[in-house]
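Written out below as structure tokens is the structure these notes cover.
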Amino acid sequence: MAEKYTESQKKAVETIDGNVLVSASAGSGKTFVMIERLIKIILEGRAKVSEILAVTFTEAAAAEMKQKLVNALRKQLSVAEDKAKIREALDETQTASISTIHKFCSDLLRAYFYEIGLDPTFKIADKTVSDDLRARAADKVFEENYEAGDEDFLYLVRVFRSGRSDGELKKILGRLDELACSEKDPDSVVEFWGVEPTEEEFRTVEKTLIGGFIERANVFLSQSDYLEN
């Protein structure tokens, strides 16, 4: 009979005290390991389901994790001595904090909106809405700078303009905004980008770019020689 866990999975499941980082490829059983850890924590009385926070990347993965936890608890129900504890855990899974990080944060804000003066009817923007808001904001900023005749802005437009369109520059700024928003402190990232580089920093970037170009050129030339031969 095959072992229930691999050696690495066993270590991840049974190491309860302290922080544990599990790094593995897709389909290698990370969700399985997390569920097994949760079951162990619950059955050993270390925490109730209502005291556990488990977050994942997608709503589908969160739903799958919650269902697997329910299935695992139901299996335990048939063999556990303290069936009342398992039933209580099963009841708590319906409202358990097993979700995406976005869902958890939005639930937290809805529960304590009054602490920060937030409108409780707020909504989480999906990608379509956020892209539209970003595009409208860019149009407004561009319009204001065109009207003001800002020389630095106009120079930037000339550099990145494609024909008579400034769309390429807007796309670049949109990608930069997405990158900044993915960081812990978006404002500090934007401020860093706005600092004029020193000569040493410029030379470092220049060296990196030229080095990358030379490397790609050598690869291309070696492939060309191979084709000719």
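Odds and ends about this structure:
- Unique residue being without any contact (Cβ under 8 Å) to a residue 24 or more places away in the chain, farther than 23 Å from Ser99 by Cβ, of a type outside the set (S, T, N, Q) and open to solvent by 90 Å² or more (accessible area, probe 1.4 Å) when the list is Glu7, Glu51, Glu14: Glu7
- Yes/no for Ser23 being surrounded by 14 or more Cβ atoms within 10 Å (Cβ to Cβ) and farther than 23 Å from Thr95 by Cβ: no
- Residues (part of a loop (DSSP other than H, G, I, E, B) and open to solvent by 60 Å² or more (accessible area, probe 1.4 Å)) located in the stretch 93-119: Gln94, Thr95, Tyr112, Ile116, Gly117, Asp119
- Unique residue being at pLDDT 90 or above and closer than 30 Å to Leu69 by Cα when the list is Leu108, Leu118: Leu108
- Set side by side, the residues Thr31, Thr58, Thr15 differ, and just one is among the β-branched types (Val, Ile, Thr) and modelled with pLDDT of 85 or more, which is Thr15.
- Among residues of the stretch 144-170 that are among the small types (Gly, Ala, Ser), those with a beta-carbon under 7 Å from a residue that is part of a helix (DSSP H, G or I) at least six positions away or on a different chain give the pairs Ser162/Glu168.
- Of the residues making up the stretch 14-40, those that are under 18 Å from Val79 (Cβ atoms) and not charged (D, E, K, R) are Ile35, Leu38, Ile39.
- Tally, over the stretch 100-133, of residues that are in contact with a Leu (Cβ under 9 Å, 6 or more places away or on another chain) and not hydrophobic (A, V, I, L, M, F, W, C): 3
- Where helices (runs of 4 or more DSSP H) fall wholly inside the stretch 1-90, the ranges with 3 or more residues that are in contact with a strand residue (DSSP E or B) (Cβ under 9 Å, 6 or more places away or on another chain) are 30-43, 59-77.
The values are calculated or read from the model by the stated rules, or taken from the named source; none is laboratory data. Remember, predicted model here, so these are calculated numbers, not experimental data. Note: ideal-geometry Cβ built from the backbone for every residue, glycine included; neighbour counts use all protein chains shown. With ligands, DNA and RNA removed, areas are computed over all heavy atoms of the protein, side chains included. Shrake-Rupley method; radii C 1.70, N 1.55, O 1.52, S 1.80 Å.
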